[in-house]
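The next block holds one structure in the form of structure tokens; read it before the comments.
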Amino acid sequence: MHEKWFAIASFIVIIIGAWYLFALLMNGNQLVNNYERRNMDWTISSVVAEAYQVKRPMLPAPHQVIDELYNTVFDTRITSKRSLVFHTLITLQSTLLGFLLGTALGILIAVGIVHNRTLEASLMPWVIASQTIPILAIAPMIVVVLGAVGLTGLVPKSIISMYLSFFPVTIGMVKGLRSADSLHMELLHTYSANAHQLFWKLRWFSAQPYLFASLKVGIAAALVGAIVGELPTGAQGGLGARLLSGSYYGQTTQIWSALFMAALLGSVLVWLVSLAEKVLLRRRGLAHE
Amino acid sequence: MLAVESSITESTEADPGTARRTMIGVKGLSLVFETNDGPVNALSDINLDIQEGEFVSLIGPSGCGKTTLLRVIADLEQQTDGSITVNGTTPEDARLNRLYGYVFQASALLPWRTIQQNCALPMEISGQSTEHQNKQIDKYLSMVGLNDFHKKYPWQLSGGMQQRASIARALCIEPDLLLMDEPFGALDEITRDHMNVELLKIWEQTQKTVVFVTHSIAEAVMLSTKIVVMSPRPGRVVSVIDSPLPKMKHLGLRDTEAFHALSAQIRAALAHEHAID
């Protein structure tokens, strides 16, 4: 147990150390160029001291990002547009809606594919093709098309979220629905069960471990979709908007803190799905096979 | 219920003289599996009559087709030649009428259902009321000695208990015919002996027809009123032996002369046809 924590702690220390080193190199280089352009004298120690204090650094140091995170999360009213919580909640909203839609769509397509050979042949290529198109290319089109029919704001972002999150659910559920034990299939055959009963009494439950594995990938993809969706919409809020405005005004610290918030949000969402999985599967005895 | 009186035979044991209906009639039945290595004669020209109320064991070495024959009766496989009737109808109709209960080699309990819910499964599918389901479950779980295990999950039970639960599940629909495919094959000998005695008790109480697949001579002698000896390549029936032993047997019977004589007779039948290479 101690060894495990030691390994984790060492890893974090190494990452932070490397980060400080790179911040010094990148920002220092910028500073030195500046000095020389202005024909000013400089020493190593003055560069080191300044490299971690730059207002608009190439790469902000960890403490600068933490500072920014603290200020925008705890020291700002949630209703303010400067609050990171405000933006996180906006992104969370479209992530969750997109995730729900994506899960529903993914399951629906998988059920169709499993029950109908023709559907598999006609649908599967499109499902796969849909994921080979870069989301950055298709996202603006979704926004424009939906905007033309009067849908703006939450809906287009959620649709982009759904577009990314249905895929892992479809792939996982096709596999899951087909994973029913052949012995159990025969057992239900001896009971003369119909297709409907076969699905709800056997296939659906056999698919659950696969479903949860897919949901974990799906919810992370939904978050990426929501953030990407906020870029072309020129959205006033959301982590994506925060990233965009950060890059417009050279606010690297703002970009990094938004990235950290996105990573944190993603981890929490995946963790919540894992938690639901544990509770549900354990209660149903599926974790003990 | 169809009353097919086509092949009334005299029963040789326990209650002589009672006329019985044919439960399973097999005539000239063959089954050829097409495999990548060419056709395999799983069953070849099988002729067999099983009367209502009999306990019939199918015995033979691996590959003799005993399980395949059971699966044909259950409509899990279809013959390629010959004919078979189950309770006077085709196996498919018998299945659709929910005539039989099938007990697999493995317990085949659904891991996400409790023992009670597992037993309820066949009754849910046939649309029985919850009240009736619960009554049946209580009755048969206590019959197999699993009184306090309603709320347990399969993984919380030992292998023997799981198999008993699967037998209770088959009994809950009170089928006229019980098809059992080496149900105790995976159990240790002590548990198996115990299960044999339990099964005989249940059989006596319920008066079902039982077709029982085994590769244990002792088990076949212990349980059966009729023993069907089979041989592989091609799978065929080499001998049908009516047991002279009483219907209800107890473990002490295994040390008697009659028990040994019957075992020897089966062993001879197996050896004679080079059933065991």
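The values are calculated or read from the model by the stated rules, or taken from the named source; none is laboratory data. These numbers come from a predicted model, not from an experiment. Note that each Cβ is placed from the backbone with ideal geometry, even for glycine, and that neighbours are counted across all protein chains shown. All accessible areas refer to the heavy atoms of the entire protein, side chains included, with ligands and DNA or RNA removed. Shrake-Rupley method; radii C 1.70, N 1.55, O 1.52, S 1.80 Å.
Data overview
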item	result
So B:GLN105, is it at pLDDT below 95, not assigned by TED's automatic domain parsing to the domain that holds B:ASP242 and not in a strand (DSSP E or B)	yes
A:VAL149 being in contact (Cβ under 8 Å) with a residue 40 or more places away in the chain, out of contact with any Pro (no Cβ under 7 Å at 6 or more places or on another chain) and assigned by TED's automatic domain parsing to the domain that holds A:SER214	no
Residues within the stretch B:133-144 that are within 14 Å of chain A (Cβ to nearest Cβ) and touching a Cys at 6+ places or on another chain (Cβ under 7 Å), tallied	0
Residues satisfying the stated conditions in the stretch A:178-198, i.e. at the interface with chain B (Cβ under 9 Å from one of its Cβ atoms), among the hydrophobic types (A, V, I, L, M, F, W, C) and open to solvent by 40 Å² or more (accessible area, probe 1.4 Å)	A:LEU183
Criterion (over 26 Å from the mean Cα position of the chain (by Cα), part of a helix (DSSP H, G or I) and of a type outside the set (Val, Ile, Thr)) met by exactly one of A:LEU21, A:LEU105	A:LEU21
Positions within the stretch A:1-57 being in contact with a Phe, Trp or Tyr (Cβ under 9 Å, 6 or more places away or on another chain), in contact (Cβ under 8 Å) with a residue 40 or more places away in the chain and surrounded by 14 or more Cβ atoms within 10 Å (Cβ to Cβ), in sequence order	A:TYR20
Filtered residues of the stretch A:147-179 (kept if within 25 Å of A:SER206 (Cα to Cα) and among the basic types (Lys, Arg))	A:LYS175, A:ARG178
Candidates B:ASN196, B:ASN147 - the one that is open to solvent by 30 Å² or more (accessible area, probe 1.4 Å) and either away from chain A (no Cβ under 14 Å) or in contact with a His (Cβ under 8 Å, 6 or more places away or on another chain) (or both)	B:ASN147
Some residue of the stretch A:125-145 being assigned by TED's automatic domain parsing to the domain that holds A:PRO232, crowded, with 18+ Cβ neighbours inside 10 Å and among the aromatic types (Phe, Trp, Tyr)	no
Filter result for A:LEU154 (open to solvent by less than 50 Å² (accessible area, probe 1.4 Å) and away from chain B (no Cβ under 14 Å))	no
Every residue from the stretch A:47-80 that is within 22 Å of the chain's Cα centre (by Cα) and not in a helix (DSSP H, G or I)	none
Tally of residues being open to solvent by 30 Å² or more (accessible area, probe 1.4 Å) and not hydroxyl-bearing (Ser, Thr, Tyr) across the stretch A:62-72	6
Leading residue by the ranking (farthest from the other protein chains (Cβ to nearest Cβ)) among those in the stretch B:116-132 that are under 20 Å from B:GLN163 (Cα atoms) and more than 22 Å from the chain's Cα centre (by Cα)	B:GLN116
Residue that is nearest to B:MET23 (Cα to Cα), among those in the stretch B:165-193 that are open to solvent by 10 Å² or more (accessible area, probe 1.4 Å) and assigned to a loop (DSSP other than H, G, I, E, B)	B:ASP176
Top-ranked residue of the stretch B:58-89 - restricted to ones that are within 13 Å of chain A (Cβ to nearest Cβ) and polar (S, T, N, Q), ranked as farthest from B:PRO232 (Cα to Cα)	B:GLN78
Pair list, Cβ < 6 Å and 6+ apart or interchain, from the stretch B:145-161 residues that are in a loop (DSSP other than H, G, I, E, B) to residues that are open to solvent by 40 Å² or more (accessible area, probe 1.4 Å)	B:LEU146/B:ARG164
Residue that is farthest from B:ARG192 (Cα to Cα) [pool: residues in the stretch B:150-164 that are within 13 Å of another protein chain (Cβ to nearest Cβ) and open to solvent by less than 50 Å² (accessible area, probe 1.4 Å)]	B:TYR153
